[in-house]
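The structure under discussion appears below in the form of structure tokens.
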Amino acid sequence: MRDVEVNQVLDALTAAGVPHWVAGGWGVDALAGRQTRDHRDLDLAVDAEQLEACMAALADLGYQVETDWLPLRVEVAAPGSRWVDVHPVAFDAAGHGLQGEADSIHFDYPPEVFVTGCIAGRDVPCLSVAQQRRFHTGYQHRPQDVHDLALLDELTDGTATHSPPSG
């Protein structure tokens with residue numbers, strides 16, 4: 001997925017009023033402030049309360065559901081090898097997020113993990129170095145994961161905070 005396609009998705013979500021944060025490989029590159037490798041997809045954490053609006057905005061761009069593992073994630077694809085992996089995050093009143101279900105598979109998003117990075121010269125909301133490292137645990141690393149972890153090792157967590165919605 002190219003940076004211009006990433007920006008199309010981010011523009012559509014912003015226009016639809018969907019709070020979102022870039023994660024995964026594009027999120028690591030956003031923290032680095034530059035694209036460092038090719039990306040198959042765009043991983044996004046989105047406000048679970050706005051999931052319907054998110055899916056409608058993506059559908060308007062030609063995306064259709066490929067893999068539905070809700071409440072954990074939903075992956076959508078569009079012509080031209082465009083993929084978006086949507087991770088709905090439910091926020092409490094203190095701004096703490098939870099992806100998935102508390103009594104089964106889930107991922108925590110403390111308020112301090114929401115920061116700002118840069119893709120193609122554009123400031124974008126993304127997840128912090130610490131959160132990206134957490135998401136790279138518990139599985140066998142692929143070559144792109146090894147690349148991302150090496151890049152994360154070079155970065156500091158001194159990025160500006162991008163606050164999640166308050167409940």
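The values are calculated or read from the model by the stated rules, or taken from the named source; none is laboratory data. Being a predicted model, the structure only gives us computed values, none of them experimental. Because the Cβ atoms are built from the backbone with ideal geometry, glycine has one as well, and the counts that use them run over all protein chains shown.
Hey, does segment 151-158 have a residue that's assigned to a loop (DSSP other than H, G, I, E, B), charged (D, E, K, R) and at pLDDT below 95?
We begin by selecting, within segment 151-158, every residue assigned to a loop (DSSP other than H, G, I, E, B); these are 155-158.
From the residues that got through so far, the ones that are charged (D, E, K, R) too are 157.
If we keep only those that are at pLDDT below 95 as well, we get 157.
Yes, because at least one residue in segment 151-158 is assigned to a loop (DSSP other than H, G, I, E, B), charged (D, E, K, R) and at pLDDT below 95.
A count restricted to segment 115-145 and to residues that are over 15 Å from His39 (Cβ atoms) and among the β-branched types (Val, Ile, Thr) stands at 4. The criterion of at least 2 residues that are within 16 Å of the chain's Cα centre (by Cα) and surrounded by 17 or more Cβ atoms within 10 Å (Cβ to Cβ) is met by the following strands (runs of 3 or more DSSP E) wholly inside segment 1-106: 20-23, 42-47, 73-78, 82-91, 97-100.
Being more than 17 Å from Leu42 (Cα to Cα) and of a type outside the set (A, V, I, L, M) narrows it down to one of His106, His147, so name that one. Step through it out loud before you land on a result.
Details: His147 fails: more than 17 Å from Leu42 (Cα to Cα).
That would be His106, the only listed residue that is more than 17 Å from Leu42 (Cα to Cα) and of a type outside the set (A, V, I, L, M).
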